[in-house]
Amino acid sequence: MHPFNVLTQDQEVEVLGTHFNINSYEDEPTTETTLLEGSVRILQLKSNKSALLKPGQQSHLKGNGAIQVNSVKTENVIAWKNGLFQFQNSDIRNVVRQLARWYDVDFEFKGPIPVIKLWGEIHRNTDVLNALEILSYFDLKYTIVNAQNRKK
């Protein structure tokens with residue numbers, strides 16, 4: 001196998017192995033690269049800092065140019081490949097961002113969003129109303145805005 005590069009908005013990933021996952025969305029606070037097998041080198045484009053990941057590690061690229069590397073449970077990161085949302089100690093804002101992207105909706109919250117952590121999983125083929133039932137347990141007041149009404 002020949003190395004290849006994946007370029008996102010704020011990093012370049014040199015792929016030296018074959019199994020990895022990159023989570024890079026504008027609405028996420030960090031860009032995450034998770035290595036399952038092989039090796040990848042992360043290069044932060046603004047600061048030119050780099051890190052080499054080992055299997056089972058995940059880098060968090062922050063806006064200030066710092067690269068933080070942690071060990072993670074890779075099965076949680078790639079749950080999407082098995083048709084699942086998997087939440088392990090996930091804050092409610094993270095859960096809502098994932099659901100909003102998948103179901104192509106926006107949320108408008110009324111009142112404060114609680115600072116809580118969620119554990120569990122939801123099948124991705126579940127319709128949006130059933131998936132959002134998880135939010136009803138926390139007495140969140142929100143309105144769903146359809147994709148046709150999305151503000152771009």
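The values are calculated or read from the model by the stated rules, or taken from the named source; none is laboratory data. The structure displayed is predicted, hence computed values, not measured ones. Virtual Cβ from ideal backbone geometry, glycine too; neighbours counted across all protein chains shown. These area figures cover heavy atoms from the full protein model, side chains too; ligands, DNA and RNA do not enter into them. Shrake-Rupley method; radii C 1.70, N 1.55, O 1.52, S 1.80 Å.
For the reader, a short list of remarks on this structure follows.
- Given (1) in a strand (DSSP E or B); (2) at pLDDT below 85; (3) buried (at least 16 other Cβ atoms within 10 Å of the Cβ), index of the condition Thr143 fails: (3)
- Conditions (1) open to solvent by 40 Å² or more (accessible area, probe 1.4 Å); (2) closer than 30 Å to Val145 by Cβ; (3) over 17 Å from the mean Cα position of the chain (by Cα); number of the one not met by Phe107: (1)
- The lone exception for Leu99 - which of (1) open to solvent by 60 Å² or more (accessible area, probe 1.4 Å); (2) in contact with a helix residue (DSSP H, G or I) (Cβ under 8 Å, 6 or more places away or on another chain); (3) not small (Gly, Ala, Ser) it fails: (1)
- Just one of the listed residues (Leu43, Leu52) is surrounded by fewer than 16 Cβ atoms within 10 Å (Cβ to Cβ) and under 30 Å from His2 (Cβ atoms), and it is Leu52.
- Of everything in segment 10-19 that is modelled with pLDDT of 85 or more and either in contact with a His (Cβ under 9 Å, 6 or more places away or on another chain) or more than 23 Å from Ala79 (Cα to Cα) (or both), the residue that is surrounded by the fewest Cβ atoms within 10 Å (Cβ to Cβ) is Glu12.
- Some residue of segment 61-74 being free of Cβ contacts under 8 Å to residues at least 60 places away in the same chain, of a type in the set (Ser, Thr, Tyr) and surrounded by 16 or more Cβ atoms within 10 Å (Cβ to Cβ): yes
- Applying the condition of being at pLDDT below 80 and of a type in the set (D, E, K, R) to segment 110-140 and asking which residue is most open to solvent (accessible area, probe 1.4 Å) yields Asp139.
- Every listed requirement among (1) open to solvent by 40 Å² or more (accessible area, probe 1.4 Å); (2) β-branched (Val, Ile, Thr); (3) more than 12 Å from the chain's Cα centre (by Cα) is met by Ile22 save one, (3).
- Boolean, Asn94 is outside any strand (DSSP E or B) and under 18 Å from Asn23 (Cβ atoms): yes
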